[in-house]
1. Please specify each residue of the range A:140-161 satisfying the condition of being crowded, with 16+ Cβ neighbours inside 10 Å, not in a loop (DSSP other than H, G, I, E, B) and not small (Gly, Ala, Ser).
2. Taking the range A:1-58 as the search range and keeping residues that are more than 7 Å from chain B (Cβ to nearest Cβ) and polar (S, T, N, Q), which one is nearest to A:Asn111 (Cα to Cα)?
3. Scanning for something among the polar types (S, T, N, Q) and in contact with a Leu (Cβ under 7 Å, 6 or more places away or on another chain), does the range B:87-105 turn up at least one residue?
4. Would you tally the residues in the range B:312-322 being within 19 Å of B:Val338 (Cα to Cα) and in contact (Cβ under 8 Å) with a residue 40 or more places away in the chain?
5. Among the numbered criteria (1) in contact with a Gly (Cβ under 9 Å, 6 or more places away or on another chain); (2) more than 7 Å from chain B (Cβ to nearest Cβ); (3) surrounded by 24 or more Cβ atoms within 10 Å (Cβ to Cβ), which single criterion is violated by A:Ala82?
6. When the residues of the range B:139-172 are narrowed to those that are among the acidic types (Asp, Glu) and assigned to a loop (DSSP other than H, G, I, E, B), which ends up nearest to the other protein chains (Cβ to nearest Cβ)?
7. Determine whether B:Ser356 is surrounded by 13 or more Cβ atoms within 10 Å (Cβ to Cβ) and within 22 Å of the chain's Cα centre (by Cα).
8. List, please: which pairs have Cβ atoms under 6 Å, are six or more places apart or on different chains, and start with a residue in the range B:242-260 that is of a type in the set (D, E, K, R) and end with one that is modelled with pLDDT of 95 or more and open to solvent by 20 Å² or more (accessible area, probe 1.4 Å)?
Amino acid sequence: MSYAYLFKYIIIGDTGVGKSCLLLQFTDKRFQPVHDLTIGVEFGARMITIDGKQIKLQIWDTAGQEAFRSITRSYYRGAAGALLVYDITRRDTFNHLTTWLEDARQHSNSNMVIMLIGNKSDLESRREVKKEEGEAFAREHGLIFMETSAKTAANVEEAFINTAKEIYEKIQEGVFDINNEANGIKIGPQHSPTNTSLPLSGSGSSQGGGCC
Amino acid sequence: MSANNDGFSRSSSCSRTRPSTPTSSTSSVDSSSTRPEVNGAVYSELHKQCDRYGFFVEDNESKTKKDPRDAQLSVDVILNREKKWLHMCNNWDKFMTKKWRKIRDRCRKGIPNSVRGRAWFYLCAGFKQKARHPDLYQLLDSQIGDEKINDEIRKDLNRQFPSHEMFAENNGFGQQDLFHILKAFSIIKPEIGYCQGQAPLASVLLMHMPAEDAFWCLVQICDHYIPGYFSPGLEAIQIHGAMLNGFLKRFHPPIYRLLKKQNIDPVLYMTEWFMCLFSRTLLWPSVLRVWDMFFCEGISVIFKVAIILIGSVLGDSEERKKCSTMYETLHLLRNIPVKYMSEEYLIDKVVTFELSNRELQKEHNLQVMKRKKEKEKRQKEEQKRATKN
C-alpha cells in the first residue's frame, strides 16, 4: 500500500507500564490482558491519514527493564517520534521519566517529537500520579501530554495520531530534513518518482495525497 | 484490505498467544468513527483443554500441532529410549567421561518426555551442585531478598507463557515457584539480580522439574552455558550477535550483504532468540529438541538454529527482493513461517550442520577484538572532540 510519508516511532518507559498493550491497541484494536513480556524489541505498523495524506507509522516497542537499555539505545536512532510512557498507578515509573528523557534526547535526533503518556487511566481508584503532574512535567520539558488507557482504548488513537500531526507540522515548517532518513521520516512511493525531492517548506503540498 | 498480509499489523514474536483479528488498518484523524471494540474478555483458562505439553489447545493449535514425526515413534521405541536414559542416569559419571558421544547422539535423537527433566538436570550438572550444597536452596528461599527486585519479578509472573496451564493462574503454583527460584537466584547472584530474560528459561525448566532442581539448572545455564547474558550492559548478547553476523557472512553471503546494506544490528532480531534459547520462538516440540541438544552441546546449537532459520527465510533471492527496507526484513525475521520452525524441518538440519566449538571460539575472539578496537577508536574521537572544545 502506498503512502506519502513513513514515520518511525519508538515506545519507551519502565517495564510494565503498558507499552506493548498500547501498541497492540493501536495496531490491532484489542487489549490482551495476558501476554508474554517484551524481550529486546517488537514492531508494529499502521496507516493513518493526516491532512488527506496517507502516513505509515512504523512503531518499535522496546523492553523496559534497565538491563536492556544498552540494546534499546540502538533503536532510538532514526526515530521521528517517541512515546514516553509511565503508569499513573505507579509513582516510580513517573519518577524515572527524567532518565528516560535524557537517554532519548542523547541518542536521537534533536527534532524528535516526544509524547508523554500517562497510561492506565481506567484505574482511577489506584492513581498515584495526578494528571496535573504529568501536564507540568510535559510543560517543563517541552513534550506533548496525554493520559491513555490501553484497556479501554481511551486516547490511544489520539496519542499516536497527535504525535504524527506534530511531526507533519514540523515537516511543513521545514524543521525536518525529510531527505535524511536518520530523522525517522521517509517519503513514500506515493510521491511520483519525478518528484522525489519535495520542497521542505511546501505550503502547497497539503493538497491531495496521490501526487503533488 | 486485510491487516495481516503486508506487514501492517503488529508483528510479534509471541503472536501465538495473540490470535489476530484482522481490522482495518487505516484511520483518519478527522474521522469521527466510533471507538474500536475492546476485547477485554478475561480468559477462563482453567476450563480449557490442554495439549500434551500443557498448552491450552485453542491458543496453541499451530504451535504444538502434532508433528508427523511423533507418529513415527512407536511405543516400543519410546520405552527402549527411556530404559537407555535411565541406565545412563544411573551410571552418569561413567558415560560422561567415557561415552560422551553416546550421550550426545541420544540427545540429538530427542530425550523421551518422561525422563527429560531428569536428563537436563544431569546434563548441566545441576544435580552435582545440588548435592554439593544440599541446603542452600531452602536457605535462599527463606530469605526475604531485595524488595525492589522482588517487585520486578512479581510484575513479570503473569507474563510468562500465559497460555500454559502451569502459569495461567494468577499466583498459582507455577507462578509461585517461578517467583521463588528467580528470587533465590537474585540473592545468590547479586551482580545480576534479576534480568527479564531469565524468567522464560526458568518457566521452561519448571515445566519439567521441581523448583529446587530448576533453580540449580538455571544457575548452571547462567554460569556455564550463557555466561554474561544477563549481566548489566548485555555485552555477551551483543558479542554473540556480532558472531552470528560473522557466520552469516560465511554461510549466507547474500543475506549478510542485505542485512549490512539495511544497517540491521543483529540485536534487533536475535536478542530474544538467544536470551530465551528459542523457547518463545519455535514450535514447542522443536523447543524441546533444541534444548535437549543445547544441554549437551551448548550455545553452538543456538547458533546453528539461528543460521538455519535465517537461511530458510532469506535464502531465496525472491524473498530478499521483497525485503525492500529494514522493516520488511525484520518483520520476516521476527515472524518466521511455521513450516521452518517444525521439528520435522528443523532438527535434522541442526544435527547435520557443522559448526565446531573451535570455530565458535575463533569467531568469538575475532569479534571481541573488533569491539575493543571500535571502543578505542570511539574513545580517541571523543578525546579529540573534548580537546577541541
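1. A:Ile144, A:Phe145, A:Met146, A:Glu147, A:Val156, A:Glu157, A:Phe160, A:Ile161
2. Here the residue is A:Gln54.
3. No: zero hits.
4. 3
5. Status for A:Ala82: all satisfied but (1).
6. If we take residues in the range B:139-172 being among the acidic types (Asp, Glu) and assigned to a loop (DSSP other than H, G, I, E, B), then B:Glu169 is nearest to the other protein chains (Cβ to nearest Cβ).
7. Spelling it out, it is not the case that B:Ser356 is surrounded by 13 or more Cβ atoms within 10 Å (Cβ to Cβ) and within 22 Å of the chain's Cα centre (by Cα).
8. B:Lys249/B:Tyr256
The values are calculated or read from the model by the stated rules, or taken from the named source; none is laboratory data. Every value quoted in this text rests on a predicted model; they were computed, and no experiment measured them. Glycine gets a Cβ as well: all are built from the backbone with ideal geometry, and neighbour counts include every protein chain shown. Heads up: the accessible areas ignore ligands, DNA and RNA and are worked out on the full protein's heavy atoms, side chains in. Shrake-Rupley method; radii C 1.70, N 1.55, O 1.52, S 1.80 Å.
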